[in-house]
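Peer 1: This structure is in structure tokens; I'll ask about it shortly.
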Amino acid sequence: MWLFRRLILPPLVAVLLLAGALALITSQETRGAPAPDAPQRTIMVTGDGEVSAKPDQARLSAGVMTQAPTAAAALTANTGAMNRVFAALRAAGIPDNKIQTSNFSVQPQYTAVQPNVNNPEPQRISGYLVSNQVTVIVDDLTKLGPTLDALVRSGSNQLGGIAFTIADPKPFADRARAAAVADGQAKARTLAMAAGVTLGPVMSIQESGGGRPGPVFAMARAAQIGPPIAEGEQMVTVNVTMTYAIQ
């Protein structure tokens, strides 16, 4: 019994020994743990690429506006006039699938009346206005001038909103992307050389929204028939953001 008592350590001594052991283990683990990685140094640049191309398609708005004392009379007059417009478009070689109604409205027209005791109403209906407009796509720009001339001659009194577009911009967009990446690469090499560092591999490439296409006006080309038309050029723009590692 006496030997057993001599082997039992006081509680305070046991706690101190346990704390020391834990501190030793923690110190060894800390010395053996690898140091955290340093943050990757990078260079970020923006590359711009643009390609100009001649438009090969035109969109225009054409229509007829008629006015009559009654809605039925205004509609009848408008229907006859629009039938002549459709006939003129077909005669100009525009297929039916390239003609789409974009607006149709019937609106009352009012005549202002000076209000008085006997006539309290400030205005009254004097007639009706019918407007019918179509959007026309012209795939052959050599037909644009004759088409405009035919529309005016057919009785279209609402004409305008001509916009030149590229039917398939994808090939030009691919060329603009390649130019944007080449521009970004050149900028990254210049920055690395100026900073005295070695350029590493590309870490990320992100394409951002390109700028709005803007016309680059060319010399006007007069059509053989109809008004002279200048289609100019269309710009296809692409921007990329590139991140390079610094070795």
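The values are calculated or read from the model by the stated rules, or taken from the named source; none is laboratory data. Values in this document were obtained by computation on a predicted structure and should not be read as measured data. We place every Cβ from the backbone using ideal geometry, glycine too, and count neighbours over all the protein chains shown.
Peer 1: So Y128 passes all but one of these: (1) modelled with pLDDT under 95; (2) of a type outside the set (D, E, K, R); (3) over 30 Å from T46 (Cβ atoms). Which condition number does it fail?
Peer 2: The number of the failed condition is (1).
Peer 1: On the given criteria, is R31 over 30 Å from S131 (Cβ atoms), basic (K, R) and either at pLDDT below 95 or not in a loop (DSSP other than H, G, I, E, B) (or both)?
Peer 2: yes
Peer 1: Take the residues in the stretch 90-108 that are touching a residue at least 40 places away in the same chain (Cβ under 8 Å) and under 15 Å from N132 (Cα atoms), then tell me which one is surrounded by the most Cβ atoms within 10 Å (Cβ to Cβ).
Peer 2: S102
Peer 1: Count, please, the residues in the stretch 57-84 that happen to be in a strand (DSSP E or B) and either buried (at least 16 other Cβ atoms within 10 Å of the Cβ) or of a type in the set (G, A, S) (or both).
Peer 2: So the count comes out to 11.
Peer 1: Turning to a different aspect of this structure: For I94, indicate whether it is part of a strand (DSSP E or B), modelled with pLDDT of 85 or more and either closer than 30 Å to T198 by Cβ or of a type in the set (A, V, I, L, M) (or both).
Peer 2: Here the answer is no, as I94 does not meet what is asked.
Peer 1: Looking at the stretch 46-66 only, could you name the residues that are farther than 30 Å from D183 by Cβ and out of contact with any Ser or Thr (no Cβ under 7 Å at 6 or more places or on another chain)?
Peer 2: Correct list: A58, L60, T66.
Peer 1: With the requirement that a residue be part of a helix (DSSP H, G or I) and either of a type in the set (S, T, N, Q) or within 14 Å of L159 (Cβ to Cβ) (or both), what does the stretch 97-109 give you?
Peer 2: Within the stretch 97-109, N97 is the sole residue that qualifies.
Peer 1: Go over the candidates T198, T237, T243 one by one and state the one that is modelled with pLDDT of 90 or more, over 25 Å from the mean Cα position of the chain (by Cα) and hydroxyl-bearing (S, T, Y).
Peer 2: Going through T198, T237, T243 in turn, the sole match is T198.
Peer 1: Further question on the same structure: Only residues that are part of a strand (DSSP E or B), under 30 Å from T237 (Cα atoms) and hydrophobic (A, V, I, L, M, F, W, C): list them for the stretch 140-176, please.
Peer 2: If the condition is that a residue be part of a strand (DSSP E or B), under 30 Å from T237 (Cα atoms) and hydrophobic (A, V, I, L, M, F, W, C), then I162, A163, F164 are the ones that fit.
Peer 1: Residues being in contact with a strand residue (DSSP E or B) (Cβ under 6 Å, 6 or more places away or on another chain), assigned by TED's automatic domain parsing to the domain that holds M65 and among the charged types (D, E, K, R): count how many of those fall in the stretch 127-177.
Peer 2: Qualifying residue count for the region: 1.
Peer 1: Quick one: count up the residues across the stretch 229-247 that are farther than 30 Å from D56 by Cα and not in a strand (DSSP E or B).
Peer 2: Of the residues in the stretch 229-247, 1 are farther than 30 Å from D56 by Cα and not in a strand (DSSP E or B).
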